[in-house]
Structures are given as structure tokens and as C-alpha cells.
Amino acid sequence: MKIGKKQIKFLFTISFGTNISSMILGSLHYIIGLNIVIGTILSIAIVLSWLLNSILIVINDFKIEKSNSIGKKINRLGYGFLGVQIIAIFLLVGGLFLLNANWFSPFMQYSLILIGYFSFFAYGSVFSYLNLRVLDNREVWKGE
């Protein structure tokens, strides 16, 4: 199946939207507390956002012209996003681990969790937005 510019633009837009909605719903979930409706929608948005961000990285790897300076930067941002994913997981797991420890302050515990959570979606939003901005540049994309 050949993926055209319209499908890629739709994917980038949906990815941007799910990243932003995950940040907004995560904030509401943190402020309001355990709400079953927000929690369910948040769970769906998180999984969808993670999947779309992963697909976005793969599409960028195949479709970006890496010899172009802008394409090279976006390709590096994609690989940087993989690094941010790994660091965010370590921060989340570390913060959850420290929740069981009595010798750490709650500020440190929740800071690790929130930084890990929001860094993933903030970077994903920026990455999606930058891809949307350069989508019309023919020098950056292969086969367009």
C-alpha cells in the first residue's frame, strides 16, 4: 500500500491531537483524581498516541530525504524521540518505585512521574508539529 501526502498529513495531525489531548487529560486526571471516564479516555489516548508516534518515526525514516539539512534534522529528532521514550519510562518507573519508599519526599516522587509522563507527549507534540510544517517542502520528502 502506497502512503500519499494526504494520509501522512492526516497521521501527523491525529498524532499531534492525541499528544495534546494526552497532556490535557493527564493534567485533568492529576487535578481531579481517579475519575473512570477521564481515566478510560486517557488510557485510549495514551495507547493511540504511543502507536501513532511510533508509526510517525517509521514513516519519517523511510520518507524523509536525509541528504537535505532539514530532513536530516527531522530524522535526528525522530531518533531523539526514541531516547526520550526510554528516559521517560525510566523516570516513570523510578517515580513509582520511590512512591513505596519512605525516605524520599513526595515532591521528588511525583516530580519524576510527571516529568516522565509529560516529556513523552510534549516531545511527541513538537515532533508531529515540525513534521506538519515541513510536509509541503518537496526537497525534504522522498517521492513527492
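The values are calculated or read from the model by the stated rules, or taken from the named source; none is laboratory data. All values derive from a computational prediction rather than experimental measurement. Ideal geometry is used to build each Cβ from the backbone, glycine not excepted, and the neighbour counts take in all protein chains shown. Ligands, DNA and RNA are excluded from the accessible area calculation, which covers all protein heavy atoms including side chains. Shrake-Rupley method; radii C 1.70, N 1.55, O 1.52, S 1.80 Å.
Just name the residue that is farthest from Asp136 (Cα to Cα) out of those in the stretch 1-21 that are of a type outside the set (A, V, I, L, M, F, W, C) and at pLDDT 90 or above.
Ser21
Looking at the stretch 95-130, which of the residues that are closer than 20 Å to His29 by Cα and small (Gly, Ala, Ser) is nearest to the chain's Cα centre (by Cα)?
Gly124
Filter the stretch 51-79 for residues that are in a helix (DSSP H, G or I), open to solvent by less than 70 Å² (accessible area, probe 1.4 Å) and touching a residue at least 40 places away in the same chain (Cβ under 8 Å) and give the result.
Once the filter is applied, which keeps residues that are in a helix (DSSP H, G or I), open to solvent by less than 70 Å² (accessible area, probe 1.4 Å) and touching a residue at least 40 places away in the same chain (Cβ under 8 Å), the stretch 51-79 yields Leu52, Asn53, Leu56, Ile59, Asn60, Lys63, Ile70, Gly71, Ile74, Leu77, Gly78.
Based on what the data block shows, is Ser43 of a type in the set (Gly, Ala, Ser) and either assigned to a helix (DSSP H, G or I) or touching a Lys or Arg at 6+ places or on another chain (Cβ under 6 Å) (or both)?
Yes, satisfied.
Restricting to the stretch 6-50, name every residue that is of a type in the set (D, E, K, R) and surrounded by fewer than 14 Cβ atoms within 10 Å (Cβ to Cβ). First the steps, then the outcome.
The initial filter retains those residues of the stretch 6-50 that are of a type in the set (D, E, K, R), namely 6, 9.
Lys6, the sole residue that qualifies.
Within the stretch 87-144, which residues are in a loop (DSSP other than H, G, I, E, B) and in contact (Cβ under 8 Å) with a residue 40 or more places away in the chain?
Matches in the stretch 87-144: Val134, Leu135, Asn137, Glu139, Val140, Lys142, Gly143, Glu144.
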